[in-house]
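Working notes, structure below.
The values are calculated or read from the model by the stated rules, or taken from the named source; none is laboratory data. None of these values were measured; they are calculated from a predicted model. When we count neighbours, we look across all protein chains shown, and the Cβ atoms used for this are built from the backbone with ideal geometry, even at glycine. Remember, those area values only see protein heavy atoms, side chains included, never the ligands or the DNA or RNA. Shrake-Rupley method; radii C 1.70, N 1.55, O 1.52, S 1.80 Å.
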Amino acid sequence: MIQATIYHNPRCSKSRETLALLEQQGCDISVVEYLKNPPTAKEIGDILSKLGLSARELMRTKETEYQALGLADTSLTEIQLIEAMVNTPKLIERPIVLANQRAVIGRPPENVLAIL
């Protein structure tokens, strides 16, 4: 059985669809409601490494917090952007699924099939 971790927001339809797809695939799923239990800076760094993305690429740039915190500033470092996601987890793109030492963003939900 494939073990998978999903960084999940139950209010997000894509996140719910991705979780349902993992269930349909018979995965052993660990659900992390990241708005209640935000990942640490190290965890975000590990996720970014597995995704092959920069911190900015993992951020929801249309959130009001992104603008309010001045995160569009291109002089901000990866560490500063990661810290912003730790402190304001709403900024993290969702859902993120980890399985088989790999990661993917479930937009669309079918993206997760590539790592199962």
From largest accessible area down, sort LEU76, LEU81, LEU69; use a 1.4 Å probe on the protein chains.
LEU69, LEU76, LEU81
Which of these, LYS36, LYS14, LYS90, has the largest mean-square fluctuation under a Gaussian network model of the chain (Cα springs below 10 Å)?
LYS36
Give me, ordered by chain and number, the residues 5 or more places off LEU76 or on other chains with an amide H under 5 Å from its own placed amide H.
none
How far is it, in nm, from the label point at SER54 to the one at ASN111 when both lie 7 Å from their Cα along the line to the Cβ?
1.8
Using a Gaussian network model on the chain with a 10 Å cutoff between Cα atoms, which of GLN101, GLN80, GLN25 fluctuates the most?
GLN101
For the chain: lysine pairs with Cα atoms under 20 Å, gap of 8 or more or different chains, count?
7
Considering the Cα trace of the chain, what is its radius of gyration and what is Dmax, both in angstroms?
13.8, 44
Using only Cα atoms, tell me the angle between helix 13-24 and the longest principal axis of the chain; keep it within 0 to 90° and round to the nearest 10.
30
From the Cα gyration tensor of segment 14-82, with a ≥ b ≥ c the square roots of its eigenvalues, which class applies: rounded if a/c is under 1.5, or else prolate if a/b is larger than b/c, or else oblate?
prolate
Charge dipole (the chain, unit charges on Cβ, about Cα centre) - positive-most of ILE44, PRO10, TYR34:
PRO10
So for SER75, SER15, what's the accessible-area order with a 1.4 Å probe, most first?
SER75, SER15
Any idea what the relative contact order of the chain is, in percent, if you count C-alpha pairs under 8 Å spaced at least 6 apart?
35
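Top to bottom by accessible area (1.4 Å), largest first, where do GLU65, GLU17 land?
So the residues, ranked largest to smallest area, are GLU17, GLU65.
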Of all beta bridges DSSP finds with both residues in the chain, what is the antiparallel percent, to the nearest 5?
60
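Return the calculated 222 nm mean residue ellipticity for the chain, to the nearest 500 deg cm²/dmol, obtained by summing -39500 (n - 2.57) across DSSP H runs with n ≥ 4 and dividing by the residue count.
-9500 deg cm²/dmol
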